[in-house]
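The values are calculated or read from the model by the stated rules, or taken from the named source; none is laboratory data. Please read these numbers as outputs of a predicted model, since none were measured by experiment. Note that each Cβ is placed from the backbone with ideal geometry, even for glycine, and that neighbours are counted across all protein chains shown. Surface accessibility is based on the protein's heavy atoms, side chains included, excluding ligands, DNA and RNA. Shrake-Rupley method; radii C 1.70, N 1.55, O 1.52, S 1.80 Å.
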Amino acid sequence: MRPLRPLLSALLVCLSAGLCVMAAQNKPLPPDAQTDKTSHVLYMATHDGIAQTAAALSHHHGWDGVMHALAQGRPEAARIVATLLPETDTRTARTLEHTMQTLLPRQPATVLSATEPKAQVAGSTKNVCSPVGMSATWRKQAEQAVTTVHDIHLATRTQICLHTLQNRVHGA
């Protein structure tokens, strides 16, 4: 056992030095095989750029995983959608907005955090909360769900959404 002590000490020193070098790097480490798709997409957006990442998701059906994470109420998925949706093509934007509409009654806070309060952009709160083409049941469930959102950071979006669901005009 005594001859192994110097070897173990040297191994620990090398391991510690390696970890220090990795921690000193300016860029974040790429996600490993165990991390989920949303972490990978965030990594891609940081290093490949927002427009390139949005295009890659659109071409490789990558939005499916992001929307699944949004349906689970995962805040990082909302960040991805809010960041990348304005850079998607029109068809993808409409599809994502419709998916967000469908999710609104089940995950109101997460969906609202993925929207943009400005009415002129893809993924706007008005587009996602619009009852046009949705059932009366959806509208009632969405309105009830949105009234349960009490996050101060979402107050404007909550009000825009409620006004849109109730077909009242609201300037944003």
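Filtered by the rule that a residue be over 19 Å from Arg139 (Cα atoms) and either open to solvent by 20 Å² or more (accessible area, probe 1.4 Å) or of a type in the set (Asp, Glu) (or both), region 89-112 gives Asp89, Thr90, Arg91, Thr92. Within region 162-170, does at least one residue satisfy the condition of being within 20 Å of Met67 (Cα to Cα), open to solvent by less than 60 Å² (accessible area, probe 1.4 Å), modelled with pLDDT of 95 or more and in a helix (DSSP H, G or I)? So far as region 162-170 goes, no, none of its residues is within 20 Å of Met67 (Cα to Cα), open to solvent by less than 60 Å² (accessible area, probe 1.4 Å), modelled with pLDDT of 95 or more and in a helix (DSSP H, G or I).
Would you check if Ala23 is in a helix (DSSP H, G or I) and either basic (Lys, Arg) or at pLDDT below 80 (or both)? Judged against the criteria, Ala23 is a match. I'd like to check which helices (runs of 4 or more DSSP H) are fully inside region 70-154 and have at least 2 residues that are of a type in the set (A, V, I, L, M) and in contact with a Pro (Cβ under 6 Å, 6 or more places away or on another chain). Hits in region 70-154: 136-146.
Scanning region 115-161 for residues that are charged (D, E, K, R) and either free of Cβ contacts under 8 Å to residues at least 40 places away in the same chain or surrounded by 14 or more Cβ atoms within 10 Å (Cβ to Cβ) (or both) returns Glu116, Lys126, Arg139, Lys140, Glu143, Arg157.
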